[in-house]
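Worksheet: the structure to be examined is printed underneath.
The values are calculated or read from the model by the stated rules, or taken from the named source; none is laboratory data. Quantities reported herein were computed from a predicted structural model and do not represent experimental measurements. Cβ placement follows ideal geometry from the backbone for every residue including glycine, while neighbour counts extend to all protein chains displayed. Accessible surface areas use protein heavy atoms only, side chains included; no ligands, DNA or RNA. Shrake-Rupley method; radii C 1.70, N 1.55, O 1.52, S 1.80 Å.
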Amino acid sequence: MHFTSPGRGFILLYALAYAGLFVSFIPFVSVLLPLKVTAVADPEHRVALLSAAALGGAAMASVANLIFGALSDRTYRMRGTRRPWILAGLALLVLAYALFHWSEDGASMLVAVGLLQIAINMMFAPVGAIMADEIPDAQKGLVAGLIGAAHPFSSLVAVGVTLHALGSEGMRYTLLCAVIAILVFPLLLFISERRDPLPEPPAELRVRRRADFARIWIARMLVQIAGNGLSTYGLFYFLAVLGQKIPDKHHAEAASEGVATIFAGVTIIALLLTIAAGRLSDLTMRRKPFLAAAALVMAAGLAIMAAAPNWAVAALGFGAATSGMSVFLALQSALAMQLLPSPQHRGRDLGILNLTNTLPAMVAPLLALALSPDKAGYATWLLILALGVLAGGGAAMTIRTQN
């Protein structure tokens, strides 16, 4: 049995696969990478090594997404499918996670991080283009809401990664890869892609879409800088609020379980808000008001985190920031899909849009290098991120060809 777009079966399989892609890297950046850095580096060098991993991985991801987006365009034009690249990326991901698990020093860890980024983006580029190929504009908000919920869902998986009840570290890595495969494989096996690409829009419309595509690119870039900072340094932030040091890997893992519980606590709210906002934006065919509201909520959450005197207030701010980010990125994705200039180069253009995911992964670590290890340093950093989010929301409001 095969599912064709835009049926419910197709949307469900697509949303599950997209969740699998988020599971492939959110637990990695939010939990596994910080823990590995703690295991292989002394306290004085941990932030520097974590920043190096984030910077190098982001550079690798930027190039890989562009390349595999363009290659999937070619495969789609010639064979009517983008799925072979997804399957190859999944196989490479399992190998990369094994190498990351076995790494015992900074150098081998950085190599594994680079390979992971190649594998993840070998899958992400064609999967993103499938949405642009197959989902009508009137359903893009719903689908974007469902795939936007992939971020908080993957945070739940990050909670599982920290649970010692699941067994050894190797067993937890194995289970993580199994979850990813279970979520992605149905898309590869049971969907039928469109074989007749849509015609090119008029030249004048393409020009206007390119200008708006640039505006939404800037908006997403600014919001993603804050989102990447939350994902990469969230564990260290909560430890700073608590006033704890991390003397060794054992203490870091114990503390990470408490932090992961906070992450899980905000997940359900973010899931429901993202799906509801996506569906409402379809019914009204207006994305921009939701983007504005989401940016304001996210910026407020970051400000609360900056002023938080304890874990309870910090968790409240984190919940607001995560929910606002989830809604903004989901609705931005739906709007960006409507602004793609040419059906013939969707994978390539989405690779350009993906730079708003990878370049922020370079900016946030550069900002973090200036952090002092106490809460005051994180407060300044969070306020800077909040200002960036507000600027991103403003940029989204300047889009002209869509509401």
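For the reader, a short list of remarks on this structure follows.
- Of the numbered criteria (1) more than 22 Å from the chain's Cα centre (by Cα); (2) open to solvent by 20 Å² or more (accessible area, probe 1.4 Å), the one Leu16 fails is (1).
- Given (1) among the aromatic types (Phe, Trp, Tyr); (2) over 17 Å from the mean Cα position of the chain (by Cα); (3) modelled with pLDDT under 85, number of the condition Tyr233 does not satisfy: (2)
- Residue list for the range 106-138, filter: open to solvent by 10 Å² or more (accessible area, probe 1.4 Å) and of a type in the set (Asp, Glu): Asp137
- Residue that is nearest to Ala178 (Cα to Cα) [pool: residues in the range 76-90 that are in contact (Cβ under 8 Å) with a residue 12 or more places away in the chain and open to solvent by 20 Å² or more (accessible area, probe 1.4 Å)]: Leu87
- Scanning the range 178-195 for residues that are surrounded by fewer than 20 Cβ atoms within 10 Å (Cβ to Cβ) and either touching a Lys or Arg at 6+ places or on another chain (Cβ under 6 Å) or at pLDDT 70 or above (or both) turns up Ala178, Val179, Ala181, Ile182, Phe185, Pro186, Leu188, Leu189, Phe190, Ser192, Glu193.
- Among the candidates Arg206, Arg210, residue that is under 30 Å from Ile399 (Cα atoms), modelled with pLDDT of 75 or more and in a helix (DSSP H, G or I): Arg210
- Any chance Gly141 is crowded, with 20+ Cβ neighbours inside 10 Å, touching a residue at least 12 places away in the same chain (Cβ under 8 Å) and more than 16 Å from the chain's Cα centre (by Cα): yes
- Failed item, numbered, when Pro84 is tested on (1) over 27 Å from Val31 (Cα atoms); (2) touching a helix residue (DSSP H, G or I) at 6+ places or on another chain (Cβ under 6 Å): (2)
- Of all residues in the range 109-135, those that are outside any helix (DSSP H, G or I) have Cβ atoms under 7 Å from Cβ atoms of residues that are surrounded by fewer than 22 Cβ atoms within 10 Å (Cβ to Cβ) and of a type in the set (Gly, Ala, Ser), 6 or more apart or on another chain, in Ile135/Ser5.
- Taking the listed residues Ala70, Ala53, Ala96, the one that is open to solvent by 10 Å² or more (accessible area, probe 1.4 Å) and either assigned to a helix (DSSP H, G or I) or closer than 21 Å to Leu176 by Cα (or both) is Ala70, with no other qualifying.
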